[in-house]
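So the structure is just underneath, and the comments pick up after that.
The values are calculated or read from the model by the stated rules, or taken from the named source; none is laboratory data. This one's a predicted model, so the numbers in the text were calculated from it and none came from an experiment. Cβ placement follows ideal geometry from the backbone for every residue including glycine, while neighbour counts extend to all protein chains displayed. Surface accessibility is based on the protein's heavy atoms, side chains included, excluding ligands, DNA and RNA. Shrake-Rupley method; radii C 1.70, N 1.55, O 1.52, S 1.80 Å.
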Amino acid sequence: MKLTSEQIDRLYQFTRQHYVEWYDLQTELVDHLANSIEAQWQENPKISFEDALQIEFKKFGVFGFMNVVEQRKLALNKKYNSIIWKHFKAFFTIPKIIGTLGFISSTFLTLSYLSNRTDVVLIVFTIIVLSFCLSIIFFSNKNKKESKLTSKKWLFKEIILGRSSLVGMIYLPIQIFIHSEKVMDNPFGVFIISFLIIAMALIAYIILIEVPKKAEEYLKQTYPEYALENAN
């Protein structure tokens, strides 16, 4: 026996009722549930669809689909981080290395001649942080509007356009150096701060401009169904 289209729709409804809001995860779970229910029918054709569904759902444990959702989030965040790293490594070609070193040197020389360099560094970091926050709000709102139009939410799209697991990581070394009294008083400390400013600006550029610009390409690579729906 095969599931009817109405029963498939019921499985999508069931996943939504159990707090799976992303269409890609819903589809994975629906495929799994459908195959499992059909396997049950081969052994016991008399079992009802709803009873077979409840039997399969109980196999997910007391937390239901939440473990599956968390595992998928971890996997897609790992994929997202690898994409960020790939873009970052692209800047290690000879021309870009020279340009990056030039920016670091210029920043270092500028800070070296400033008496209020700590205040300037704090202002620069604040601007970059605000850029992150405002851009993430912008992309989140954009993603919500697109999801309303299509009635489908995609988890990887939300990760790319709405948030980044890397954002929190890049502030720890900055805080360490800024709050150290001796850092800004010696050339080596000023150089480290100059390096962090350029590195943070580069990461911000990748996260907020480079990757979102190629979001459609990455989404189509990740989801065959997304590629079909957005073929044009």
Exposed (fewer than 13 other Cβ atoms within 10 Å of the Cβ) and out of contact with any strand residue (DSSP E or B) (no Cβ under 9 Å at 6 or more places or on another chain): is that true of residue 85 in this structure?
yes
Restricting the search to region 1-25, which residues are over 14 Å from residue 60 (Cβ atoms) and touching a Lys or Arg at 6+ places or on another chain (Cβ under 7 Å)?
21, 22, 23
Condition first: within 32 Å of the chain's Cα centre (by Cα), open to solvent by less than 50 Å² (accessible area, probe 1.4 Å) and not hydrophobic (A, V, I, L, M, F, W, C). Now tell me which residues in region 105-128 satisfy that.
107
Residue pairs within 7 Å by beta carbon, gap of at least six or interchain, first lying in region 75-101 and on the phi > 0 side of the Ramachandran plot and of a type in the set (A, V, I, L, M, F, W, C), second loosely packed, with under 12 Cβ neighbours inside 10 Å and at pLDDT 85 or above, listed first then second, are none
Test: residue 42 is open to solvent by less than 80 Å² (accessible area, probe 1.4 Å), more than 24 Å from the chain's Cα centre (by Cα) and over 30 Å from residue 204 (Cα atoms)
no
For region 180-213, which residues satisfy the criterion of being modelled with pLDDT of 85 or more and open to solvent by 50 Å² or more (accessible area, probe 1.4 Å)?
191, 195
Could you count how many residues in region 34-55 are closer than 17 Å to residue 12 by Cβ and either polar (S, T, N, Q) or in contact (Cβ under 8 Å) with a residue 24 or more places away in the chain (or both)?
8
Restricting region 6-44 to residues that are of a type in the set (Phe, Trp, Tyr) and assigned to a helix (DSSP H, G or I), the one nearest to residue 224 (Cα to Cα) turns out to be 23
Filter region 45-54 for residues that are of a type in the set (A, V, I, L, M) and in a helix (DSSP H, G or I); which is farthest from residue 224 (Cα to Cα)?
52
Within region 55-72, residues open to solvent by less than 70 Å² (accessible area, probe 1.4 Å), assigned to a helix (DSSP H, G or I) and farther than 14 Å from residue 26 by Cα come out as 56
